[in-house]
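Step one of this worksheet: look at the structure below.
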Amino acid sequence: MSARLEGKIALITGAARGTGEQTARLFVEEGARVVIADVLEEEGQAVARDLGNDALFQRLDVTRESGWEEAIARTTEVFGAPNVLVNNAGLLHIRALVDTEAADVERLWRVNALGPFLGTKAIARVMQGAGGGSIVNVASVDGLSVKNGLAAYAPTKWALRGLTRVAAIELGQMGIRVNVVCPEAGGPGMRREFTPDSIDPMDTLAFTHGVIPHNRARPGIEIIRDIARMILFLASDESLSCTGADYPVDAGWTAGRRLKYQPGYSAD
């Protein structure tokens with residue numbers, strides 16, 4: 001059976017660790033050539049070396065237009081014109097709204113919302129010239145519903161869902177599909193700052209998986225790879241009829257509430 005991403009050339013942001021790293025590894029396993037784009041040079045170089053000739057590292061600050069131009073030019077020079085873009089790079093900030101600084105709001109907006117806009121704009125014509133392709137944006141369940149403490153973070157993920165829809169409508173004419181994945185659990189690296197020192201951030205990934213309790217017994221890395229598997233599907237030709245849509249990977253977090261005293265509830 002042929003690899004699911006055979007012939008694909010992908011640029012993945014935030015790919016030095018977490019969801020981006022697991023996506024890059026899965027893409028290479030499935031036949032793609034991948035650019036590991038990140039500001040974390042040491043970690044990114046290590047991932048690229050581990051993946052061999054089908055991967056390369058490119059330093060990319062997603063908030064800089066010139067950085068995008070350089071990354072796309074190098075991708076094209078080494079592998080060919082990219083036909084997959086995964087806008088995965090992101091920052092998290094958790095603090096009460098009244099204690100959140102304007103600088104934190106702007107910092108998250110630049111990475112989480114402006115970055116995908118710049119990347120989508122920069123790659124559109126190149127991708128069109130390559131015969132079309134797929135852009136996958138990585139948002140969050142906090143772009144579908146919200147939690148307290150996320151006044152700087154949640155608005156950026158709602159914005160990313162809006163960008164996805166506009167881009168899907170406009171770029172569909174260029175043969176480009178644009179979708180958004182909304183995971184409940186992100187990479188442990190971005191959660192470390194907001195997790196008590198006594199707790200491994202990886203152990204928190206299945207915390208909200210009460211709808212399907214068996215997930216709580218799965219290794220955290222497999223929950224991250226579930227996100228990567230959805231990104232893989234949307235990057236592949238298996239999803240040629242999919243564009244402009246949200247794809248939650250949240251173990252039922254946004255499906256609704258399970259009420260203890262209603263029929264259909266089980267304590268087991």
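Where a number appears in this text, it was derived from the coordinates with a stated rule and is not lab data. As the structure is a computational prediction, the values presented were derived from the model and not from experiment. All Cβ positions, even for glycine, are placed from backbone atoms using ideal geometry, and neighbour counts span all protein chains on display.
Taking the fewest neighbouring Cβ atoms within 10 Å as the starting point, the ordered list for HIS214, HIS93 is HIS214, HIS93. With contacts taken as Cα pairs under 8 Å at a separation of at least 6 residues, segment 1-102 carries a relative contact order of 31 percent. The listed peptides 99-111, 167-179, ordered by packing as a protection proxy, come out as 167-179, 99-111 (highest mean of other Cβ atoms within 10 Å first).
Relative contact order, whole percent, for the chain stands at 19, derived from Cα pairs under 8 Å and 6 or more residues apart. The peptide list 8-14, 69-75, put in order of mean Cβ contacts within 10 Å with the highest first, becomes 8-14, 69-75. Rounded, prolate or oblate, given the Cα gyration tensor of segment 96-145, with a/c below 1.5 counting as rounded? Note, shape of segment 96-145 comes out oblate. Prolate is the label for segment 128-170, because the ratio a/c of its alpha-carbon gyration tensor axes (a ≥ b ≥ c) is 1.5 or higher and a/b is greater than b/c.
Considering only alpha-carbon pairs that sit under 8 angstrom and 6 or more positions apart, the relative contact order computed for segment 92-183 is 40 percent. Taking label points 7 Å from Cα along the Cα-to-Cβ direction, GLU30 and GLU69 give a separation of 3.3 nm. Computing Rg/Rh (Cα atoms, Kirkwood Rh) for the structure here picks out one of (1) 1.06; (2) 0.97; (3) 0.95, namely (2).
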